[in-house]
1. Check Leu386 against each of (1) in a helix (DSSP H, G or I); (2) surrounded by 21 or more Cβ atoms within 10 Å (Cβ to Cβ) and name the one condition it does not meet.
2. Evaluate the following for Ile92: is it within 25 Å of Phe157 (Cα to Cα) and out of contact with any helix residue (DSSP H, G or I) (no Cβ under 8 Å at 6 or more places or on another chain)?
3. Quick one: Ala59 ticks every box in (1) surrounded by fewer than 21 Cβ atoms within 10 Å (Cβ to Cβ); (2) of a type outside the set (Phe, Trp, Tyr); (3) in contact with a helix residue (DSSP H, G or I) (Cβ under 8 Å, 6 or more places away or on another chain) except a single one, so which number is it?
4. Among the residues of the range 103-126 satisfying the criterion of being over 20 Å from Asn339 (Cα atoms) and modelled with pLDDT of 95 or more, which is most open to solvent (accessible area, probe 1.4 Å)?
5. Restricting attention to the range 370-383, which residues are open to solvent by less than 10 Å² (accessible area, probe 1.4 Å) and either assigned to a helix (DSSP H, G or I) or modelled with pLDDT under 90 (or both)?
6. Identify all residues within the range 22-43 that are touching a residue at least 12 places away in the same chain (Cβ under 8 Å) and over 20 Å from the mean Cα position of the chain (by Cα); write none if there are none.
7. Can you name the condition, by its number, that Leu137 falls short on among (1) crowded, with 23+ Cβ neighbours inside 10 Å; (2) under 30 Å from Lys2 (Cβ atoms); (3) not β-branched (Val, Ile, Thr)?
8. Among (1) farther than 27 Å from Pro185 by Cα; (2) among the aliphatic types (A, V, I, L, M); (3) touching a helix residue (DSSP H, G or I) at 6+ places or on another chain (Cβ under 7 Å), there is one condition Ile105 misses while meeting the rest; what is its number?
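The values are calculated or read from the model by the stated rules, or taken from the named source; none is laboratory data. Not measured: the values here are computed from a predicted model. Note: ideal-geometry Cβ built from the backbone for every residue, glycine included; neighbour counts use all protein chains shown. Areas reflect the complete protein model, heavy atoms only, side chains present, ligands, DNA and RNA absent. Shrake-Rupley method; radii C 1.70, N 1.55, O 1.52, S 1.80 Å.
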Amino acid sequence: MKNKNLTVLTLCQIFSFTAPPITIFISGIIGLKISPISSLATLPTSLSIVGTAIFTIFAAKIMSKIGRKKGFILSASYTSFVALLAAYSIYIESFFLFCLCTFVIGTGIAFTHQYRFAAAETTSKKNSAKAISILLLAGIISALIGPNVANFAKDIFTNHLYVGSYIALAILTALPILFLTFYNPKKKENIKTKSIKSQRSYLELLKNPLVLQAIVSAAFAYAIMSFLMTATPISMFKMHGFTLGSTSIVIQLHIVGMFLPSLVTGSLIKKFGHSKIIYSGAVIYLFCVLLSFYDQSFLNYLTSLILLGVGWNFIFISSTSLLVLNYNKNEKFKVQGFNDILVFGTQSIASLSAGYSIINFSWNTINLICLPMIIIVILVSLRADLYRRSIN
């Protein structure tokens, strides 16, 4: 798929999306170092997730006013600046300022999540799934670049560990500004929607079985993935005595499982349809849950987390490309913002509750908690399929 704009957006995605893995990788460690209360060490990470969830609808709204290009440049600019401010907060050991910075970086990540919709808009609707797949595949590179650069730069300032990591993040998140100079959105990009009155209400959108399928499937796919991924390090390291090295391998291969299938997911959706790939993802999630009852060995965790990543990839890409097919042009920003606040709001709740759940329940139990969400994904998809047959 030769597409200059898609190439530019993919490069932007690579460097913009280094913010989440760097935040997950070191913000908790920094929290332990500068937090006045050790139990608040993971607060910066949580605030980043909350910032993303809260700001998703505002990111879409801002882009509806000023356009994709200016919106992405705006977010890259202030994210880079706030990363420098985060470096300063680590230098002076201000936990409050660091928490504020991670929250604002989270709002910048909300703009980064809009890259997938921008990618879909660079091509025809029938090829949107493939465009989204290509963009999400860049997540592997982000996951490799971010933590490695942060680790390499952490010792730049003697006696001020990790200051250099956030200076590095500032550089990485500023690079999209350069790439975006080569991004040329459609000349007739409709920034101000003309027919506001024809836009459906949020309730009307949810009444559409196809839109409901797209939103619910994406939301629960993210919730299940985030819930189990966040709980895995605690379960492996604290509950079952695995080394940090073993835990790190499982998480890294989970991330590979999340993004590597993007090489074929778009083509599979085009061949078999959105619902079949969503069903496939749901079945993979079921296998992931069932494996937790077999044995809590390293191989079991590794297999489960890889399956968790693949299941997420299938459902999330299918849901996102399905959403693109089922809104009117004049309501795209409204629907995208509404979708993202539900998806990432659900994900933030799951992530925030994972630590409490794994401490108070078993690994088996928290896997069982995911079953109702998997069933709901299957049910909304069945309803959507019945609706498709009725209108065809």
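1. Result: Leu386 passes all but (2).
2. yes
3. (1)
4. So the residue we want is Phe103.
5. Within the range 370-383, Ile374, Val377, Ser381 meet the criteria.
6. Of everything in the range 22-43, those that are touching a residue at least 12 places away in the same chain (Cβ under 8 Å) and over 20 Å from the mean Cα position of the chain (by Cα) turn out to be Ile29, Ile30, Gly31, Lys33, Ile34, Ser35, Pro36, Leu40, Ala41.
7. (1)
8. Of everything listed in (1) farther than 27 Å from Pro185 by Cα; (2) among the aliphatic types (A, V, I, L, M); (3) touching a helix residue (DSSP H, G or I) at 6+ places or on another chain (Cβ under 7 Å), Ile105 misses just condition (1).
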